[in-house]
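Undergrad: Below you will find the structure I want to go over with you.
The values are calculated or read from the model by the stated rules, or taken from the named source; none is laboratory data. Here the structure is a predicted model, which means the values were calculated and not measured. All Cβ positions, even for glycine, are placed from backbone atoms using ideal geometry, and neighbour counts span all protein chains on display.
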Amino acid sequence: MILRTSMPSPFGRMVKIAADVIGMIADMSVVSADTNDPNDNLRQQNPLGKIPTLLVGDDILYDTRVIFDYFDQLSMEKHGKSILFPGSGMDIIREKTRLARVIGMLDAGILVVYESRFRPENMRVDSFVEYQLEKVTRSFAEIKAEHPVYENGAAPTASDIALACALDHFDYRKQLDWRDHCPSLASWMIDFSNAVASYKPTLPDDIDVADWR
């Protein structure tokens with residue numbers, strides 16, 4: 001398997017952590033991709049030109065959720081059970097919904113970054129930024145109401161992995177301070193980082209210091 005991604009990408013980081021959790025990290029190599037470079041063959045591998053993209057033999061898999069589903073199949077073959085989407089029936093659907101929520105938060109946060117990165121200052125739309133950030137803050141309100149406690153040890157679920165990567169991404173890109181919206185997640189992050197071996201090695205460079213990093 002070959003993973004095309006870049007170090008700052010929270011989505012690529014999710015894939016790295018998930019691969020380690022299911023015991024397949026040794027079977028995956030990482031090749032850096034530049035989504036802004038028209039000469040990068042990522043655009044030939046994935047017509048959307050997006051990361052992460054996973055090359056598996058003749059198959060090319062994208063996006064993160066599809067890759068997680070593939071890893072889930074590998075987990076079933078290797079361990080006889082699902083690690084990323086444990087349980088059955090509605091338990092799996094609820095887990096995939098939690099994953100979709102976090103990915104939606106990240107998508108909104110990245111659009112906020114792009115608004116300032118790619119638009120001249122006089123063309124930026126404040127209402128668009130507010131609209132995206134409201135998606136994130138509403139999601140944090142929902143997470144807060146769930147009273148999150150990390151208790152999955154070295155076998156985090158897909159949404160656990162996504163949430164850890166999302167919180168670090170918001171600290172890295174500074175679209176907002178999630179501690180203002182769900183302060184209990186600081187303890188959640190400490191427990192996650194202590195339990196998941198691939199958490200710290202996959203951190204983006206130059207991220208701010210925190211108790212769990």
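Undergrad: I need the full set of residues from the range 172-190 which are under 17 Å from Glu134 (Cα atoms) and touching a residue at least 12 places away in the same chain (Cβ under 8 Å), in order please.
TA: Residues satisfying the conditions are Arg173, Gln175, Leu176, Trp178, His181, Cys182.
Undergrad: Restricting to the range 175-196, give me the number of residues that are out of contact with any Phe, Trp or Tyr (no Cβ under 7 Å at 6 or more places or on another chain) and surrounded by 19 or more Cβ atoms within 10 Å (Cβ to Cβ).
TA: 2
Undergrad: Let me confirm something: among Ser127, Ser159, Ser193, Ser139, which residue is assigned to a helix (DSSP H, G or I), in contact (Cβ under 8 Å) with a residue 12 or more places away in the chain, farther than 24 Å from Gly23 by Cα and of a type in the set (S, T, N, Q)?
TA: Ser139
Undergrad: Confirm whether Ile17 is assigned to a loop (DSSP other than H, G, I, E, B), outside the structural domain of Ala154 (by TED's automatic domain parsing) and surrounded by 21 or more Cβ atoms within 10 Å (Cβ to Cβ).
TA: Spelling it out, it is not the case that Ile17 is assigned to a loop (DSSP other than H, G, I, E, B), outside the structural domain of Ala154 (by TED's automatic domain parsing) and surrounded by 21 or more Cβ atoms within 10 Å (Cβ to Cβ).
Undergrad: Let me ask you something else. From Leu42, Leu99, grab the single residue that is assigned by TED's automatic domain parsing to the domain that holds Asp20, among the hydrophobic types (A, V, I, L, M, F, W, C) and at negative phi.
TA: Leu42
Undergrad: Give the residue, chosen from Asp211, Asp205, that is at pLDDT below 95 and either part of a loop (DSSP other than H, G, I, E, B) or more than 18 Å from the chain's Cα centre (by Cα) (or both).
TA: It is Asp205.
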